[in-house]
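The values are calculated or read from the model by the stated rules, or taken from the named source; none is laboratory data. All values derive from a computational prediction rather than experimental measurement. Ideal geometry is used to build each Cβ from the backbone, glycine not excepted, and the neighbour counts take in all protein chains shown.
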Amino acid sequence: MGLHATMTDAGNLRVAAAVFAWLAGVIAFALVSPLWVTASLAAAALAAAAIRASPHRLRVCLVAVPVVVGIGGACYLASVARETSAATRSVHWVPLALGLDAALEAKDQTFGKHWGRSIHADANDNLRFKLRIRNSSATRSPRLTARLYAGPGQMTRIVAVSFRESEYGPFTSGPRVKVLAQSNGLDEFQEEGLRLEDPPRQPVPLESTAVSYPLGTGGFSLRRYWTVPPIAPHHQLVVGLRGSYWTPQSSQIDGGSIVEMKNIDGGDRKYLTTAAAKAGDRLDVGVRLHNSGFRSSGVFARLSITTHPRRAFDRITVFVADGFSSERKLGYGTVNSETGQPIELAVQPGTTELVGPKTDCSPETRLPLADGVAEGGLELGGIGGFHPRDPCHSQEFDRWLVFKARVLRYLGAGNFR
C-alpha cells in the first residue's frame, strides 16, 4: 500500500513526467544533431551547473570555459576524421596500367545526398559524376586517352570510363557506376562537359569530342574521348562531370473502357461504361484521354454513334489520331434501350467541352469546343504524358471529352425523333 501510494502521489507523478519529457527531449535532440554538438552542449550544461553551485564562480568559470571549448573541438575533429575515413573507405579503386588507379562515383543532386557506385535517378535529374585518377608510382605518368561511355538500357544504365596509352589501340576497362531508373523513363544521356577539378582549384574544362552511336537494339550510346594530363608521382587528379537523362520520345493515348455515361433523367448516380435509357432521356457522356508516354501529343478525336434498330442499343465508338499516327479505334460505350424499342443518340449542340480534372497538382479546367465531334471530329490540342517524380502520377494531364446526348424515339422506316 505504501509503494502504491507513493507511485500515485500527484507530486511524484509530476516528477516522473518531467524526467520522461527531459529524457525524450535529450534523445530527440541527439538523433537530429551531430554527435559533437550534443557533446558540446552537455559539457556546457554541466559547466553552467558547476559555476552556479560554486561560491567562487569567477574562478570556476575561467576553468570551465576552456574545458568546454576543448571538449567541443575534440568531438568536432573526431567527427570530421571519422567522416573522412568513411569516405575514403567507400572509394573503390580500379587498377590500371603504369601504376595508375581510377575510381568513379555518382550522386543525384536533385534528390540524392550521397556519393556511390550505384544511384537511383529519373529523367531530368541533375546528376554529378566524380572521376579520381591517382598515380601510386614514383615516376610521372604519361598522357592517357580516356573514354566516357554512357549506354542505353532498361531499368539499369551503365556509365563507365576506360583508358588507353596511345592514340590508337584497345582500351583498358576502368571504373563504372550503375544508374537505376526510377520509372523506366531514361532515354539519352546528355553531359555538360568534363572539368578538371583538382588540381587546380578552379575547375578547368577539358576539350573532347562527343559521338553518339546508334545501336541495333534501339537508343544511343554516348562516347566522349579526352586526354588525361600527366600526373605527378603520388598525386591524383579529380575530373567532374554533370549530366542528365532525357525522357523517351514516346507518346501513346491509351484505349480500353474509356467511355463513361450517366442517365441524367434515369436517376443514375455513377458514370458507367454501359447505360440504359428510353426515348427522351438525356445522357452525360465523358471520354477519358490518357497519355501513358513521356511526351505531349496532339490529339484528334472523332466519335461514331452507331444505331442498331433490331438490337435495341446504340454504341459510341471513339477514334483518335495522336501525333503523326493514322486514326485508330480507341474504345466504345454502349447504351441499351430500357423499353426494347430501337433508339438513337444525338449529341446536343453547344455541350461539347474538354475538361481537365481537379487534382492535388491542378485545378479543374473547362474548354468549350465546337460542335461536330460525331461528324468530322475535333482537334483537341496537346495532351501531356507522364512526368518523372510526379506526385499526381500524371493524372493532372488527363483530359475528358464531355458532351450531352439525347435519346431519340424510333418512328419506323428508319426515322427517329
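Yes or no: residue 303 closer than 15 Å to residue 344 by Cβ and either out of contact with any Asp or Glu (no Cβ under 7 Å at 6 or more places or on another chain) or surrounded by 16 or more Cβ atoms within 10 Å (Cβ to Cβ) (or both)? In short, yes.
Within the range 350-400, the set of residues being acidic (Asp, Glu) and farther than 26 Å from residue 307 by Cβ comprises 360, 364, 379, 390, 396, 398.
Test residue 270 against the stated conditions and say whether it is more than 18 Å from residue 398 (Cβ to Cβ), in the same structural domain as residue 349 (by TED's automatic domain parsing) and in contact (Cβ under 8 Å) with a residue 60 or more places away in the chain. Give the steps one after another, and end with the answer.
Numbers: more than 18 Å from residue 398 (Cβ to Cβ): yes; in the same structural domain as residue 349 (by TED's automatic domain parsing): yes; in contact (Cβ under 8 Å) with a residue 60 or more places away in the chain: no.
Answer is no for this residue.
Within the range 325-341, is even one residue part of a loop (DSSP other than H, G, I, E, B) and in contact with a helix residue (DSSP H, G or I) (Cβ under 8 Å, 6 or more places away or on another chain)? No, there is no match, as no residue in the range 325-341 is part of a loop (DSSP other than H, G, I, E, B) and in contact with a helix residue (DSSP H, G or I) (Cβ under 8 Å, 6 or more places away or on another chain).
Please tell me if residue 118 is in contact with a Pro (Cβ under 8 Å, 6 or more places away or on another chain) and of a type in the set (Ser, Thr, Tyr). Criteria not met by residue 118. Taking the criterion of being free of Cβ contacts under 8 Å to residues at least 24 places away in the same chain and closer than 30 Å to residue 312 by Cβ, the residues of the range 338-369 that qualify are 349, 350.
Do you know which of the residues in the range 324-336 that are more than 19 Å from residue 256 (Cβ to Cβ) and at pLDDT below 90 is surrounded by the fewest Cβ atoms within 10 Å (Cβ to Cβ)? So the residue we want is 326. Taken over the range 338-359, residues that are surrounded by fewer than 16 Cβ atoms within 10 Å (Cβ to Cβ) and modelled with pLDDT under 90 amount to 3.
When you look at residue 373, is it touching a residue at least 40 places away in the same chain (Cβ under 8 Å), part of a strand (DSSP E or B) and not charged (D, E, K, R), yes or no?
No; evaluated as a whole, the condition is false for this residue.
Within the range 397-417, restricting attention to residues that are modelled with pLDDT of 90 or more and outside any strand (DSSP E or B), the residue that is farthest from residue 278 (Cα to Cα) is 397. State all residues of the range 179-189 that are outside any loop (DSSP other than H, G, I, E, B) and within 11 Å of residue 151 (Cα to Cα); if no residue qualifies, say none. Answer for the range 179-189, where residues must be outside any loop (DSSP other than H, G, I, E, B) and within 11 Å of residue 151 (Cα to Cα): 179, 189.
So, residue 319, is that one aromatic (Phe, Trp, Tyr), part of a loop (DSSP other than H, G, I, E, B) and not assigned by TED's automatic domain parsing to the domain that holds residue 107 or not?
Numbers: aromatic (Phe, Trp, Tyr): yes; part of a loop (DSSP other than H, G, I, E, B): no; not assigned by TED's automatic domain parsing to the domain that holds residue 107: yes.
It is false that residue 319 is aromatic (Phe, Trp, Tyr), part of a loop (DSSP other than H, G, I, E, B) and not assigned by TED's automatic domain parsing to the domain that holds residue 107.
Within the range 274-284, does at least one residue satisfy the condition of being more than 15 Å from residue 406 (Cα to Cα) and either out of contact with any Pro (no Cβ under 6 Å at 6 or more places or on another chain) or part of a strand (DSSP E or B) (or both)? Yes.
Restricted to the range 115-170, the set of strands (runs of 3 or more DSSP E) holding at least 3 residues that are touching a residue at least 60 places away in the same chain (Cβ under 8 Å), out of contact with any Asp or Glu (no Cβ under 6 Å at 6 or more places or on another chain) and among the hydrophobic types (A, V, I, L, M, F, W, C) comprises 127-135, 144-150.
Would you mind stating whether residue 196 is in contact (Cβ under 8 Å) with a residue 24 or more places away in the chain, surrounded by fewer than 16 Cβ atoms within 10 Å (Cβ to Cβ), in contact with a strand residue (DSSP E or B) (Cβ under 6 Å, 6 or more places away or on another chain) and part of a strand (DSSP E or B)? If you could, list the steps in order and put the result at the bottom.
Values: in contact (Cβ under 8 Å) with a residue 24 or more places away in the chain: yes; surrounded by fewer than 16 Cβ atoms within 10 Å (Cβ to Cβ): no; in contact with a strand residue (DSSP E or B) (Cβ under 6 Å, 6 or more places away or on another chain): yes; part of a strand (DSSP E or B): yes.
It is false that residue 196 is in contact (Cβ under 8 Å) with a residue 24 or more places away in the chain, surrounded by fewer than 16 Cβ atoms within 10 Å (Cβ to Cβ), in contact with a strand residue (DSSP E or B) (Cβ under 6 Å, 6 or more places away or on another chain) and part of a strand (DSSP E or B).
Scanning the range 161-175 for residues that are surrounded by fewer than 17 Cβ atoms within 10 Å (Cβ to Cβ) and closer than 30 Å to residue 124 by Cα yields a count of 1. Of the residues making up the range 302-309, at least one is assigned by TED's automatic domain parsing to the domain that holds residue 263, of a type outside the set (Asp, Glu), at pLDDT below 95 and part of a loop (DSSP other than H, G, I, E, B).
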